[in-house]
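Please see the structure below; I have some questions.
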Amino acid sequence: MSGPSIMETLFQRTLEDLIKGIRLQLIGESAFISKAMEEIRKEIKSTDLQTKSIALQKLSYLSPLHFVDMSWAAFHCIECMSSPRFAQKRIGYVAVSQSFNEHTPVLLLITNQLRKDLGSVNEFDAGLALDCLANIATVDLARDLTPEVFTLLGSSKVSVRKKAIGVILRVFEKYPDAVRVCFKRLVENLDSPDSRILSAAVGVFCELASRDPRSYLPLAPEFYRVLVDSKNNWVLIKVLKIFAKLAPLESRLAKRVVEPICDHMRRTGAKSLMFECIRTVVSSLSEYESALKLAVLKIRELLMDEDPNLKYLGLHALSIVAPKHLWVVLENKEVVIKSLSDSDSNIKFESLRLVMAVVSESNVVEISRVLLNYALKSDPEFCNVILGSILSACSRNVYEMVMDFDWYVLLLGEMSRIPQCQKGEDIENQLIDIGMRVRDARPELIRMARSLLIDPALLGNPFLYRILCAAAWVCGEYVEYSTNPFELVEALLQPRTSLLPPLIRAVYLQSVLKVLTFCIHSYLRNKSSGLFPFTDNLEGVVSESMSKGKTQEASDLPTPAQDDVFNPRISDDNPYEDLPLENNGEDSKFDSFEKNGFTRESIVNLLNLIELAVKPLLGSLEVEILERAQNVLGLIELIRQEFPDQLSPRKEILAKEESEVSKLIRSMNDAFCEELGPVSVTAQDRVRVPEGLVLEENLKELDTICGDIQPSTSSFFAPRYGERIEESLASDLQNGEDSEPSRESTSLLIEHRKRHGLYYLPSSASNDYPLANDLRSGENDRDETEDFVRLTAQSLAPKKKPNYSKPRPVVVKLDEGEVTLSVASKKPSSKYDLLSGVIQDVLQETNLMDKSSRKGKEKVSSDVPQGSKENVQDPEDPRREKSGLRKSKHRSHGKERKHKDPDQVDGKKDGKSERAREKSSHRHGRKKTRQRAEGPLNVSAQTPVIPDFLL
Amino acid sequence: MIKAVMVMNTQGKPRLAKFYDYQPVEKQQELIRSVFTVLSSRAENVSNFMEAESIFGPDSRLVYKHYATLYFVFVFDSSENELAMLDLIQVFVETLDKCFKNVCELDIVFNYSKMQTVLDEIIFGGQVLETSSTEVMKAVEEISKLEAASNAITLVPAKYASGWNRR
């Protein structure tokens, strides 16, 4: 040993020193660690293994706890692991299993060391090597070391043997051919009297079976024995997991295991085992009524338990059983509903999931009501989860569950008013979507939109902007269903709209334009049709009768954009039509709309109002707003030119209007009346790509161009900034003119306040609006809970379909596949295919031997009981017997064939079996050969034979 | 199959982190952080489960136990029983308790390797191989003995070195 290395050894810090150092350091942890790393890098190069190994130990301490990369030390790990001294070897092994992966280049160098240690007489050496292999085995390692692992499977030392069993899982996964060598010995370990070995073996089978249960059906008798005999809860849980996978594949097996499982459920004191029994029954054996009843009883026990863990698991079990046996959930509905307000979020979420599982078109109304009430009381996060699940449940499959769209639209409106609601985007989309798809819902939609728009308090909540945007759009698009368009304009132009982000304000302005066009158009049409004398007393009567007559006509017509349809299509079966419009102050200019219709006076007032409110926007910096404000004002100017304020000689105006304005207005109105519809998802595909157009397959290149340009949403919720500039600019601009915008807006505000006093706070503190986010006081919470429970007691119970007074409206669906885009079922990875093939292969062999050894005792089964009794075949000729079995299978089990086209399988089989037979014939007896060849190829067409322990 | 075992203190400092499918250290750090964020937001006296699929991918479950200043976290998939995993945490902690006589966070900090040995005896490549703390103790003691023996025949300087260091 050279001098320097002794010095290093003498003064090297041990792991303990390092840990103390980290705790006492004064220079900051990261600085200390990088200093320590420098030391380690130096020490690890030492020729002295002791120094090296301690350095490595420190490194493998730092790596997982202080997130230091240690892949660079791969070679040093190998050096340490080949040390003859156990302590150093161990450090090396720990480092290797911690840091190596498939891509570590020096991995190939450890094969021999592993082989040596696997064969070591020292059980701990072997243990280290096995542990390492279990963590990092690659295909090559698994292949090269299979013989050693095989030897250790029979080791007399329990600790080695159980680790060898454990490592098998990784070996099989990486190198399926190892099954041929090791499988038999692995199965033998299931007979081991030592519970630790048994536990390890069952654990491995549980993992294997969870990936490909079908291959392990032939081992069912072994597992059954364990299920009945074992007293170890760990083992029982694993065996139950195996049966949960196997039972659905083989009905006789299910029948056989259901009793022992129930026994365990009744007898055991261990909650873990009991829960596993419950889970097995509800997931795989739920068709056995007595078992299910017992499981439900036990679930109830769990639900009633104080321990939140058990309660949670009880709910979890319910959600497993829910799809098949909804009644179980309904029986426990009280607990489920109560759990919605549990303090534990897991429990809340689980119970929400359950509630959503029972929702159907017959109870969606009640459940939504209950959930909405819970949403009001819960914390913002859970509230939004609730809202989200209502929204997604109701919109599923193009609103499949919604019978009454008026109700649903109102529900959406109500959701928007929940203070914590952050689902603006979803609600926005649904409002517009419903507007486009469901014509019958439009009157209600516009009524709801109106009530949202008119409420100034809502404008203070940024989360609602998207909803308001949709409401504004709805008002513009479907204004013909509105009972009072003037009021809509007022709402769209109310002073607080300055709080909105520019893009949404632009939508507001566009809607104003649409409503304006509609009003003028209706006015002109009324006038030109000559039916309206301009006397106030007659007008109302006529307009009403007009609208009624025309509406019927309109409803007969398929598209609303017909030229000759009279436009105020106020549907006459509308039950709300004669309700007084609430929130209208006495002195509203427009509240007499219904009586007066579109009078000249009202139109002029409208024009004035719009002009007053939109003019300041000409100073806006936002292009969208500016553009739209210009459009509106331009149109108004145009109208005014031929529509002077004084009530001058009517005849002339009439003539003039006819000529120009009305033409313009009519064409605009026609354009706006063009109905927008939903677009099919496949629409894009139907458009042919024009020739010469190069479409980039990959848009990644764009990232380099516009990498840092991102659609900024930040300005979205910060409207104040823009607004201020806008106002100041506006005042600058308008200084020359006589109107002062500031006074204007306050006067507007005052007027608005006068009219919609309902939404303002009673105190006259001028600009104080109620906070949109203020939570409701949680008084009477408990009482409410009781109420909900009572309410749901009725609502959750399955009812007959309620008779709706009106039939479900038509919902426009474009293509049936629109929502249910079929996702190609994922195929299991080829590796597992390979593995299952080999395993089935091996099992066939073992079975064959078993059978020939105990053919006297056990009859061979087939899937069809009668069939098996009739053709008891010569057990000496397994091939014929099998083929007979397969035939009967094909006859009877249609559902199995669904997996694969039988013809295809057969076709392939013929070719392949020949080849396989040739290949393997030198290894096996003639009889076995054919069997072997067929075994793996029949995987999906046939279940492997189970020695019928049931008989 | 157990996917990961983590021990961290209530400040989020990891005391032990073992992932049974290879994860690069950056990913490990991220996972530990996100687990801690959720754990620290959970109240006392609630269930010991935590939603894990958003952090560890589909088919992951997580149970944890809170002892004094430490969180013990096990992440696993559907082939393990949740309550059994909670029991296993108990076994792990009991074994540590036997090892260190009334285990506390400091014991764990200073005996990192020993804790790792204990865990490796219980969980092997993601599978539970031993559930009796007596058996684990037996194995751990033998390993320590073996290590000590292999160090005893070591060259003199190393022995002195550790002796000096302790002073």
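The values are calculated or read from the model by the stated rules, or taken from the named source; none is laboratory data. Quantities reported herein were computed from a predicted structural model and do not represent experimental measurements. Cβ: placed from backbone, ideal geometry, glycine included. Neighbour counts: every protein chain shown. Accessible surface is based on the protein model in full, side chains and every heavy atom, while ligands, DNA and RNA are left aside. Shrake-Rupley method; radii C 1.70, N 1.55, O 1.52, S 1.80 Å.
In nm, to one decimal, how far is the residue B:102 label point from the residue A:29 one, both placed 7 Å along Cα→Cβ?
Once both label points are built, they end up 2.7 nm from each other.
Classify segment B:1-79: rounded, prolate or oblate, from the alpha-carbon gyration tensor (a ≥ b ≥ c, eigenvalue square roots; a/c under 1.5 rounded; otherwise prolate if a/b is larger than b/c)?
Oblate is the answer for segment B:1-79, as a/c is 1.5 or above yet b/c matches or exceeds a/b.
Calculate the FRET efficiency for residue B:69 and residue A:681 from the Cβ-Cβ distance with a Förster distance of 45 Å, rounded to the nearest 0.05.
Computed FRET efficiency for residue B:69 and residue A:681 comes out at 0.25.
Still on this model: For the interface of chains A and B, what total accessible area is buried with a 1.4 Å probe, rounded to the nearest 100 Å²?
Approximately 5700 Å² gets buried when A meets B.
OK, next. Taking every residue in A:59-66, how many Cβ atoms of other protein chains lie within 10 Å of its Cβ, on average?
Going residue by residue through A:59-66 and averaging, the value is 5.
Something else about it: Dipole size in debye (nearest 20) for chain B around its Cα centre, Lys and Arg Cβ +1, Asp and Glu Cβ -1?
Working: 17 positive and 22 negative charges, 182 e Å.
Dipole magnitude for chain B comes out near 880 debye.
Tell me which residues come under 5 Å, amide H to amide H, from residue B:67 once H is placed; ignore anything under 5 positions away on its chain.
Residues meeting the criterion, in which the H sits 1.01 Å from N, are B:72.
While we're here: As a test of understanding, state the convex hull volume per residue of segment B:2-156 from its alpha carbons, in Å³.
Residue-normalised Cα hull volume stands at 131 Å³.
Heavy atoms only, 1.4 Å probe, whole protein assembly: order A:287, A:79 by accessible area, highest first.
From most accessible down to least: A:287, A:79.
Below 14 angstrom from the Cβ of residue B:142, what's the summed charge of the other residues (Lys, Arg +1; Asp, Glu -1)?
Residues near residue B:142 contribute -3 overall.
Also: Taking θ as phi - 60°, what are the ³J(HN,Hα) couplings along segment A:114-122 by the Karplus curve (6.51, -1.76, 1.60), each to the nearest whole Hz, with x for Gly and Pro?
So the Karplus estimates, Gly and Pro as x, are 4, 4, 4, 6, 4, x, 5, 6, 6 Hz.
Something else now. To the nearest Å, what is the center-to-center distance of segment A:38-89 and segment A:241-289, using C-alpha atoms only?
Computed from Cα coordinates, the inter-centre distance equals 49 Å.
On to the next question. Ranked by accessible surface with a 1.4 Å probe, highest first, in what order do A:464, A:664 come?
I get A:664, A:464, largest accessible area first.
Highest first, please rank the peptides A:627-634, A:102-109 by the mean number of other Cβ atoms sitting within 10 Å of their residues.
For the peptides A:627-634, A:102-109, the packing ranking is A:627-634, A:102-109.
Beyond 25 Å between alpha-carbons counts as too far, so tell me which of A:293/A:377; A:162/A:184; A:700/B:18 fall in that bin. It would help to have the intermediate numbers written out before the result.
Details: A:293/A:377 35 Å; A:162/A:184 16 Å; A:700/B:18 37 Å.
Beyond 25 Å: A:293/A:377; A:700/B:18.
Further, regarding this structure: Protein chains only, probe 1.4 Å: how do A:128, A:297 rank by accessible area, largest first?
Solvent-accessible surface, decreasing: A:297, A:128.
Which of the three applies to segment A:389-461, rounded, prolate or oblate, going by the alpha-carbon gyration tensor with a ≥ b ≥ c and a/c under 1.5 meaning rounded?
The shape class here is oblate.
Can I ask one more? Grab the beta carbon distance between residue A:618 and residue A:700, set R0 = 45 Å, and tell me the FRET efficiency rounded to 0.05.
0.60
Further question on the same structure: Would you mind working out the magnitude of the charge dipole of segment A:123-273 relative to its Cα centre, with +1 at each Lys and Arg C-beta and -1 at each Asp and Glu C-beta, to the nearest 20 Debye? Before the final figure, lay out the partial values.
Details: 24 positive and 18 negative charges, 130 e Å.
The dipole of segment A:123-273 has a size of about 620 debye.
Hey, if you put +1 on the Cβ of every Lys and Arg and -1 on every Asp and Glu Cβ in segment A:192-269, which of A:243, A:201, A:216 ends up farthest toward the positive end of that dipole?
Highest projection toward the positive end goes to A:243.
Using a 10 Å cut-off on Cβ atoms, rank the peptides A:193-206, A:611-624, B:39-52 from the highest mean neighbour count down.
Result, highest mean first: A:193-206, A:611-624, B:39-52.
Then there is this: Once segment A:1-114 is represented by equal point scatterers at the alpha-carbon sites, with solvent omitted, what log10 I(q)/I(0) does the Debye formula produce at q = 0.12, 0.13, 0.17, 0.22 Å⁻¹?
So the normalised log intensities work out to -0.41, -0.48, -0.80, -1.23.
For the pairs A:245/A:813; A:163/B:3; A:255/A:298, note any where the Cα-Cα span goes beyond 29 Å.
Beyond 29 Å between Cα atoms: A:245/A:813.
Count, for each residue of B:107-119, the Cβ atoms from other chains sitting within 10 Å of its Cβ, then give me the mean as a whole number.
Details: counts 0, 0, 5, 5, 3, 8, 9, 0, 0, 5, 2, 0, 0.
Neighbouring Cβ atoms belonging to other protein chains average 3 per residue here.
Could you order peptides A:184-191, B:4-11, A:172-179 by the average number of other Cβ atoms within 10 Å of their residues, highest first?
So the peptides A:184-191, B:4-11, A:172-179, ranked by packing, come out A:172-179, B:4-11, A:184-191.
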